[in-house]
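Read the structure below first, then the notes.
Bear in mind these aren't lab numbers, they're just calculated from the coordinates by the rules spelled out. Bear in mind the structure is a predicted one, so any value in this text is a computation, not a measurement. Ideal geometry is used to build each Cβ from the backbone, glycine not excepted, and the neighbour counts take in all protein chains shown.
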Ligand SMILES: Cc1cc2nc3c(=O)[nH]c(=O)nc-3n(C[C@H](O)[C@H](O)[C@H](O)COP(=O)(O)OP(=O)(O)OC[C@H]3O[C@@H](n4cnc5c(N)ncnc54)[C@H](O)[C@@H]3O)c2cc1C
């Protein structure tokens, strides 16, 4: 794969093109299509919410391969400067503002044979491989949530130690102390779940399936805990928590997006239930 050396050297940022305006959680309803055209392939796709899509040098695009069957889906690599590739919109977001998401159009883009990463097949093998790779993204997302939640907890403890009300530090008020106790316990529980899932994924190596159940459980729990903890952090900071002078309002906005990206919390619960039904545990 010709992109790998540049990616490894940090010279090629890849945008992931999975979501479409009318197909997010339900990836199977995507419209992107690629067809053989002589020696090469022609891609027609419109992708939404591509993280750093406006800066990417290349795209990983998930698409249908209709000639292999109506449900055949696979993935191709596309150079960002290929004719037919254009960024049509960069979204303004509530949080995670360090890196925007973009809408990118792929109009009759020629893709050489060598850039077909996973050719779609009627049995759905290629799509299963693609979906299993999103487990790694979910793990990263969970770890980010634990990090932000731990930061919100740290800021809250510091503030509660410094802030006095009626001559008393607010950390000495039972109502605030209990909030901190619950926040710290939830952060540690989420951290342990992420560690467990990451350690299982690590032990599985490249040849074994990733531990989908533990990862979905870790993502769901870390997403929920991060939102709860960031919300309580604002409450502990009182009015100041709602201002931009303290970092907790940014943390709250950031974790909100993490509960949607890499598969929403509802989709994680669907996945957990499905895996339990299949006897994963
Ligand atoms: C910060 C961020 C970064 C992202 N980066 C990328 C990226 O780089 N590449 C990319 O391709 N996409 C990216 N996305 C898109 C993300 O993957 C989708 O937003 C997500 O999968 C949800 O799809 P949707 O927005 O179309 O919502 P929908 O699928 O329309 O869902 C709407 C609501 O319905 C719920 N819902 C849907 N189906 C079910 C169901 N079966 N059961 C219960 N509830 C359901 C959802 O949970 C959600 O609450 C990013 C999103 C965010 C927020």
> When 195, 41, 178 are ordered from fewest to most other Cβ atoms inside 10 Å of their Cβ, what list results?
Replying inline: 178, 195, 41
>> Looking only at the chain, where both bridge partners belong to it, what percent of the DSSP beta bridges are antiparallel (to the nearest 5)?
In response: 85 percent
> What shape does the chain have by the C-alpha gyration tensor, where a ≥ b ≥ c are the square roots of the eigenvalues, rounded means a/c under 1.5, and otherwise prolate means a/b greater than b/c and oblate the rest?
Replying inline: prolate
>> For the chain, take the longest principal axis of its alpha carbons; what is the angle in degrees between that and the long axis of helix 212-236, to the nearest 10 within 0 to 90?
In response: 40 degrees
> Under the classification rounded if a/c is under 1.5, otherwise prolate if a/b is larger than b/c and oblate if not, where does the range 4-118 fall, given a ≥ b ≥ c as square roots of the Cα gyration tensor eigenvalues?
Replying inline: oblate
>> With 10 angstrom as the radius, rank 29, 184 by how many other C-beta atoms surround their C-beta, starting from the fewest.
In response: 29, 184
> How high is the relative contact order of the range 4-118, given as a whole-number percent (alpha carbon pairs under 8 Å, six or more residues apart)?
Replying inline: 28 percent
>> With the cut-off at 1.5 for a/c, could you classify the range 125-277 from its C-alpha gyration tensor as rounded, prolate or oblate?
In response: prolate
>> Only counting other Cβ atoms within 10 Å, I'd like 243, 19, 63 sorted with the fewest neighbours first.
In response: 243, 19, 63
> Counting pairs of alpha carbon atoms under 8 Å apart in space and at least six apart in sequence, what relative contact order in percent does the range 125-277 give?
Replying inline: 31 percent
